[in-house]
Number of protein chains: 6
Amino acid sequence: MKKAEVFADIRDTLGIVPGFLETLPESLLESEWTTFKNLQLAETAIPNKYKELIGLAVSGATRCQYCTYFHTEAARLFGATEEEIQEASLMAKHTMGWSTYLNAERYDWDTFKREFDQIAAHVRASQAAAV
Amino acid sequence: MKKAEVFADIRDTLGIVPGFLETLPESLLESEWTTFKNLQLAETAIPNKYKELIGLAVSGATRCQYCTYFHTEAARLFGATEEEIQEASLMAKHTMGWSTYLNAERYDWDTFKREFDQIAAHVRASQAAAV
Amino acid sequence: MKKAEVFADIRDTLGIVPGFLETLPESLLESEWTTFKNLQLAETAIPNKYKELIGLAVSGATRCQYCTYFHTEAARLFGATEEEIQEASLMAKHTMGWSTYLNAERYDWDTFKREFDQIAAHVRASQAAAV
Amino acid sequence: MKKAEVFADIRDTLGIVPGFLETLPESLLESEWTTFKNLQLAETAIPNKYKELIGLAVSGATRCQYCTYFHTEAARLFGATEEEIQEASLMAKHTMGWSTYLNAERYDWDTFKREFDQIAAHVRASQAAAV
Amino acid sequence: MKKAEVFADIRDTLGIVPGFLETLPESLLESEWTTFKNLQLAETAIPNKYKELIGLAVSGATRCQYCTYFHTEAARLFGATEEEIQEASLMAKHTMGWSTYLNAERYDWDTFKREFDQIAAHVRASQAAAV
Amino acid sequence: MKKAEVFADIRDTLGIVPGFLETLPESLLESEWTTFKNLQLAETAIPNKYKELIGLAVSGATRCQYCTYFHTEAARLFGATEEEIQEASLMAKHTMGWSTYLNAERYDWDTFKREFDQIAAHVRASQAAAV
């Protein structure tokens, strides 16, 4: 695709060509836009609402103000409730907290895996029993 | 709750008392376990499968081997397909890539917000037209 | 100082010249060693035990296996108990968790500051009353 | 505890119920507050001043403006001097710098451990000789 | 391009189709490969050696063992010397150290900009005088 | 060197003594300045322009507003074009994106190394053939 065609497709999809796409070097413009569109905007295995909540959680954990704004508002566009937005933030908090603890503690890796596998077996048995 | 009661509840839920909970100081044991159980294991606004995919994306973005193992396997326990697990990883990649770019570029914040709001208005209009 | 003198000082202080110092370019060797020695090993405002616990918390939060090993063992050298080591890990967990949440929530900055200042005034009054 | 009781306890301790606690889902309110209070505000193994300096160092290393404000001011409340606050920032700088270097260099892990253990033995011998 | 054509191009360029490209969803395969090839492997404004040293510094700062291996070896492929590889690691150390300090200190932003601008003016004048 | 001599050297080099150097404790002032000057400002193995682009990429990946400003402007001082500055940002984006993906996917380490080594052999052969 030529640059003008990519811009036309972006405009068709987003209404405008935002500056962060417009200024990409021509050798990357089409491929970057294609990934953006096919991953974040298309219907894929994970519904768009949850993809945006994933984006929000990652952005909160890594402190990007552009991205927390983008993914929070995009999640709303795809129907996320305030409760779901907050819960994604709480899962990010929970994940970063425990991951910091396990790394600081230098928790033994083999113990961790063995314990998780025991838990998984227990949960699987409970799920089977509940059917 | 007393320590023994908390341990009994953990054992009832997870099958074992994993070391990372067992060794918590007594003053934090009940509250840490309650948050863990009520946020990550209970039925909440976001289905458990998606909460685990959020945990996986956050862990990949912040490089925690304990947590990528935990959340990948927990997502499987709650029914995630391989395609969903990969897609969560790809959303984490996508989010971290663009967030790094915007921060490195020192993208103008007011421009970013204005552009996003224009995009959101366009998407909302498209969604309304599609109904 | 000449290279040999710096190496002699390192050997005198640490017993050996570890590879990560030995291979530094000569233009940085003395200054890097001086900072290392004067900040981390000398008696300064914060007792060495607590400086190492700070290093451990930072390393856990940013997932460096070299550094969690180093600072945990160095904290023990300076007299830290297992309880203090665990507590530093828990403070790192706590800080990373809440900071992730506030950033994900895009918590209003002015509200945050105003609320903190109110809390600080309350705590100061309580401290004064307790005297 | 009921929500009103938790709020009363928060108000009693902090003077107000800050928004970031007030808006927590009810299923997490008590446990999150209990962890907050029992870890960060109670008398524990590490004096509160040093716990706040740990929080500050972690927050600086992971760039959270809410948290650097909170922990700097809280450290002052618990008696930290300007020199101690600066030193915690310098330890965070030092830790992040070296940890970045070791990771970038892919420093050999076994060498690192062996060297550290030699250093630890030397320091222990020096400490024993100094008694 | 069809999947087979993309794979043929990857094989032609890299000798093999590495698993991390082979398993990408078909909707992203061509675009992800195009970005990879046009940014990292093509002749662009920054010589490939320096692009790899940039990749190495970023990977060391964010602790990715895959990426420090990849970018170190790729830098060597493009002619980087051991001294350049070490220097990239030292610049990553230097940047992460000072950035942690400035954030921990909550250094005043306007002061920072004004001071930098004064320094820049001084350096520009020195450069002009040196011609 | 005495404090006044270090300040004179800083002033001679930078035109001013910026606050972030001026307020360093006296025990670290000379060594911190020496590292700063000998690594970032001196002629070393990597030309200064590329050292600043490395600093910019690292700062974008780790979201430091002080440092993205500093290294972008310093890169310009050392002759970087807008295209080179953007390309450094794009390499940071690329590196952070893929590194997040590989970590989230828990990509097998031995496979990764083996595949990279095959690619490196292929590239080396192509380079030799091209001579």
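The values are calculated or read from the model by the stated rules, or taken from the named source; none is laboratory data. Predicted model, so just to flag it, every value in this text is computed and none were measured. In this analysis, Cβ positions are derived from the backbone assuming ideal geometry, glycine residues included, and neighbour counts consider all displayed protein chains. Remember, those area values only see protein heavy atoms, side chains included, never the ligands or the DNA or RNA. Shrake-Rupley method; radii C 1.70, N 1.55, O 1.52, S 1.80 Å.
Computed quantities for the displayed model
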| item | result |
| --- | --- |
| Count of the range A:20-42 residues which are part of a loop (DSSP other than H, G, I, E, B) and closer than 24 Å to B:ALA120 by Cβ | 3 |
| Meets criteria (within 11 Å of chain B (Cβ to nearest Cβ) and in contact with a helix residue (DSSP H, G or I) (Cβ under 6 Å, 6 or more places away or on another chain)) for F:LYS93 | yes |
| Checklist (1) within 13 Å of chain A (Cβ to nearest Cβ); (2) touching a helix residue (DSSP H, G or I) at 6+ places or on another chain (Cβ under 7 Å); (3) surrounded by 17 or more Cβ atoms within 10 Å (Cβ to Cβ) applied to C:PHE112, failing item | (1) |
| Residue count, the range D:37-57 (criterion: open to solvent by 10 Å² or more (accessible area, probe 1.4 Å) and either charged (D, E, K, R) or over 12 Å from the mean Cα position of the chain (by Cα) (or both)) | 8 |
| Number of positions in the range D:43-54 that are assigned to a helix (DSSP H, G or I) and among the β-branched types (Val, Ile, Thr) | 1 |
| Filtered residues of the range D:65-76 (kept if over 12 Å from the mean Cα position of the chain (by Cα) and either over 22 Å from A:CYS64 (Cβ atoms) or crowded, with 24+ Cβ neighbours inside 10 Å (or both)) | D:GLU73, D:ARG76 |
| Subset of the range B:7-36 (residues that are within 15 Å of D:THR34 (Cα to Cα) and more than 8 Å from chain A (Cβ to nearest Cβ)) | B:LEU24, B:PRO25, B:GLU26, B:SER27, B:LEU28, B:LEU29, B:GLU30, B:SER31, B:GLU32, B:TRP33, B:THR34 |
| Criterion: farther than 30 Å from A:GLU105 by Cβ and either of a type in the set (A, V, I, L, M) or not in a helix (DSSP H, G or I) (or both) - qualifying residue of B:ALA120, B:ALA57, B:ALA75, B:ALA88 | B:ALA120 |
| Any hit, the range E:77-93, residues being among the acidic types (Asp, Glu), open to solvent by less than 20 Å² (accessible area, probe 1.4 Å) and at pLDDT 95 or above | yes |
| Residue check, D:TYR107 facing another protein chain (nearest Cβ under 7 Å), aromatic (Phe, Trp, Tyr) and open to solvent by 30 Å² or more (accessible area, probe 1.4 Å) | yes |
| Matching residues, the range C:12-34, being of a type in the set (Asp, Glu), open to solvent by 20 Å² or more (accessible area, probe 1.4 Å) and free of Cβ contacts under 8 Å to residues at least 12 places away in the same chain | C:ASP12 |
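Condition check ((1) in a helix (DSSP H, G or I); (2) away from chain A (no Cβ under 11 Å); (3) among the aromatic types (Phe, Trp, Tyr)) across all residues:
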| residue | (1), (2), (3) |
| --- | --- |
| C:TYR69 | yes, no, yes |
| C:ALA80 | no, yes, no |
| C:LEU102 | yes, no, no |
| C:PHE116 | yes, yes, yes |
| C:SER126 | yes, yes, no |
